[in-house]
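Novice: This structure is in structure tokens; I'll ask about it shortly.
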Amino acid sequence: MTPASSRRRDLAAIVASIAATVFGAGLGELAAAIVSPTASPFAVIGGGMIDLAPAWAKDLAIDLFGTGDKAALLVGIAVLLLIVAGVAGVLERRKAPWGRVVLIALGVIGAIVSMTRADAGTLSPLPSLVAGAAAALVAGLLVARLRRRSTKAPTDDGVSRRSVLALSGVAVMAGALAAVGSVAVSGGARAVSAVRSALRLPSPATTTPVPAGADLGIDGLGPIITPASDFYRIDTALVVPQVDPATWTLRVHGMVEQEVVLRWDDLVALPQKETVATLVCVSNEVGGSLIGTARWLGVPLRDILERAKPTTEADMVLSHSVDGFTASTPLEALTDDRNALLAIGMNGEPLPIEHGFPVRMVVPGLYGYVSATKWVSELEVTRYDRAEGYWTSRGWSERGPVKLQSRIDVPRSGARVGAGDTVIAGVAWQTHVGVSGVEVQIDDGPWQAATLASAISADTWVQWSLPWNATSGSHTLRCRAVSATGETQTADTAAPAPDGATGWDQRTVSVA
Ligand SMILES: Nc1nc2c(c(=O)[nH]1)N[C@H]1C(S)=C(S)[C@@H](COP(=O)(O)O)O[C@H]1N2
Ligand SMILES: [Mo]
């Protein structure tokens, strides 16, 4: 065989093996949709990578891709998979059956990882095994065609290669069809979303009014209550957990006098409270958008814990999600007079599925990673010296009180502003502490006091504005908040890890 024809055969083997892998992956997705949606080979590998990833990698992913970090991860896995598949193709042609061995090994790795997932069931390894076996089988058959003909006359070369390429096309189509089929079959997701749509929430016994002056209505400043569709989403779940209220339970256990198990019907029968609270992610950079404010409906966690009677030695509640995520919340924050909720409603509707349907926690004053467990299923009353939450074991601080912060929203960074009278505006927050003022500095001028809008409560962000007579040229705007306790927001810059970013938000605008 000439080196050129060998190269062409290698190329055909690469194409065939990649096609076989696409076919296997599609079949694996279909198998997962049928037996267990969270056991999709991609979700399993991705979930495993998310859990194993060091803190800096999470930071980097959020930095680079924002809330699109999961899509980026899946694309990354797919690219890696196709590279390995290509290598397996060459191996299979030159050293059969080693290519098939590699593909089967990929399936076995997926199967092993699937069994380590928090939500693993007995059938979880199946989709990955199906994917690996199908990829190996098809790759073996296709590459064998290439190998078989290579002993015949060189004129047959092109014919066999072309037939392998055509069959590869068929394999890719079949894989795509299986993947499309998997979406149609995944009834679990549709079922829970139908249950959610049909739900009627109980009415609250008490509500938090939103004062008329809370929303300044300035163009470019977000609404004081963030619509659920615009609310940032951060979690480790590649496949959004589908939890049916009919089977949902909350077990309160650990260092308690009385273990409590709550069902959905029990929960909705309890007196409900509607509060407004701002939720912010510890990964939010200065000036970042991983923050939102919503009206939450639910039962005070205090009322639930009161029934279980935590023992006096307990100082932490480790809340568990159905997907294995955990958060460590100081027991005190759940039993003091703040509105820490076991929430079922967001802005007047059942929680959106990706925001924790049917039940999540919302605790004013603490970053989400230590308090806002979505799809919550267990409250384990324990101690900080006995257990730790998901992000604490990855290097983040065990307690996460929200730091004093402020952000400039108007004018936007890099915006072109017309000279003359305009306005600088933004938001400021230190949830559960409250904000008493915001100061703005234009270029190197003096710090000027902005006007604060009416606050909903100390648990929410507050809007602020300052009139500005803008002169033409480039200007740097800075803001800093003053807390309700009189503390001024620090100028010291700190990265989000391990306990939240600090520093002043700064924008440069050019005035024409
Ligand atoms: N089950 C689960 N709950 C979770 C998380 C998670 O990864 N899994 N992430 C937490 C983090 S880090 C934040 S900031 C908030 C974000 O809530 P949201 O997605 O509704 O905005 O959810 C918290 N609850
Ligand atoms: Mo977060």
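Novice: Taking the options G213, G187, G175, G169, name whichever one is out of contact with any strand residue (DSSP E or B) (no Cβ under 9 Å at 6 or more places or on another chain) and at pLDDT below 90.
Specialist: The unique qualifying residue is G187.
Novice: If you don't mind, there's one more thing I want to ask. State which residue is surrounded by the most Cβ atoms within 10 Å (Cβ to Cβ) when the search covers only the range 233-265 and only residues that are of a type outside the set (A, V, I, L, M, F, W, C) and in contact with a helix residue (DSSP H, G or I) (Cβ under 6 Å, 6 or more places away or on another chain).
Specialist: Top of the filtered list is Q242.
Novice: Check whether at least one residue in the range 321-334 is in a loop (DSSP other than H, G, I, E, B) and more than 29 Å from G48 (Cβ to Cβ), and report yes or no.
Specialist: The answer is no; no qualifying residue exists.
Novice: Select from the range 273-299 the residues that are out of contact with any Lys or Arg (no Cβ under 8 Å at 6 or more places or on another chain) and among the charged types (D, E, K, R) and write down the one among them that is farthest from ligand 1 (Cβ to nearest atom).
Specialist: Only one residue tops the list, namely K273.
Novice: Among the residues of the range 248-283, what is the count of those that are within 16 Å of ligand 2 (Cβ to nearest atom), touching a Ser or Thr at 6+ places or on another chain (Cβ under 8 Å) and either closer than 24 Å to A314 by Cα or small (G, A, S) (or both)?
Specialist: 1
Novice: Go through A387, A372 for me and flag whichever is at pLDDT 95 or above and buried (at least 24 other Cβ atoms within 10 Å of the Cβ).
Specialist: Result: A372 is the single residue among A387, A372 that is at pLDDT 95 or above and buried (at least 24 other Cβ atoms within 10 Å of the Cβ).
Novice: Check off (1) without any contact (Cβ under 8 Å) to a residue 12 or more places away in the chain; (2) surrounded by fewer than 17 Cβ atoms within 10 Å (Cβ to Cβ) for A78 and give me the number that stays unchecked.
Specialist: A78 satisfies every listed condition except (1).
Novice: Go through the range 356-377 residue by residue and tally those that are under 14 Å from F325 (Cα atoms) and either near ligand 1 (Cβ under 7 Å from one of its atoms) or not in a loop (DSSP other than H, G, I, E, B) (or both).
Specialist: The qualifying residues number 12.
Novice: So, in the range 300-320, exactly how many residues are part of a helix (DSSP H, G or I) and within 14 Å of ligand 1 (Cβ to nearest atom)?
Specialist: Qualifying residue count, the range 300-320: 0.
Novice: Scan the range 379-390 and tell me whether some residue there is touching a Lys or Arg at 6+ places or on another chain (Cβ under 9 Å) and aliphatic (A, V, I, L, M).
Specialist: yes
Novice: While we're looking at this one, here's another question. Tell me, yes or no, whether the range 320-327 has at least one residue that is under 30 Å from A481 (Cα atoms) and more than 24 Å from the chain's Cα centre (by Cα).
Specialist: Let us first name the residues in the range 320-327 that are under 30 Å from A481 (Cα atoms), namely 327.
Within this subset, residues satisfying the condition of being more than 24 Å from the chain's Cα centre (by Cα) are none.
No - not one qualifying residue is present in the range 320-327.
Novice: For the range 228-247, how many residues are away from ligand 2 (no atom under 16 Å from the Cβ) and either within 25 Å of R338 (Cβ to Cβ) or in the same structural domain as L74 (by TED's automatic domain parsing) (or both)?
Specialist: 1
Novice: Any residue at all in the range 380-390 that is within 14 Å of ligand 1 (Cβ to nearest atom) and of a type outside the set (V, I, T)?
Specialist: Yes.
Novice: While we're on this one: Among the residues of the range 334-377, count how many are of a type in the set (S, T, N, Q) and within 13 Å of D235 (Cα to Cα). Spell out how you get there, then give the answer.
Specialist: Keep residues of the range 334-377 that are of a type in the set (S, T, N, Q), which gives 335, 339, 347, 371, 373, 377.
With the extra rule that they be within 13 Å of D235 (Cα to Cα), the set shrinks to 371, 373.
Qualifying residue count for the region: 2.
Novice: Still on this structure, please answer the following. Kindly indicate whether D235 is out of contact with any Asp or Glu (no Cβ under 7 Å at 6 or more places or on another chain) and without any contact (Cβ under 8 Å) to a residue 40 or more places away in the chain.
Specialist: Spelling it out, it is not the case that D235 is out of contact with any Asp or Glu (no Cβ under 7 Å at 6 or more places or on another chain) and without any contact (Cβ under 8 Å) to a residue 40 or more places away in the chain.
Novice: Here's something else I'd like to know. For the range 364-373, which positions are away from ligand 2 (no atom under 13 Å from the Cβ) and under 18 Å from Y390 (Cβ atoms)? Break it down into steps so the answer makes sense when it comes.
Specialist: Step one: of the range 364-373, the residues away from ligand 2 (no atom under 13 Å from the Cβ) are 364-365.
Those that are away from ligand 2 (no atom under 13 Å from the Cβ) and under 18 Å from Y390 (Cβ atoms): none in the range 364-373.
Novice: Which one of these is outside any strand (DSSP E or B), more than 21 Å from the chain's Cα centre (by Cα) and not aromatic (F, W, Y): D385, D421?
Specialist: After applying the criteria, what remains is D385.
The values are calculated or read from the model by the stated rules, or taken from the named source; none is laboratory data. Everything numeric here is computed off the predicted structure, so don't read it as measured data. All Cβ positions, even for glycine, are placed from backbone atoms using ideal geometry, and neighbour counts span all protein chains on display.
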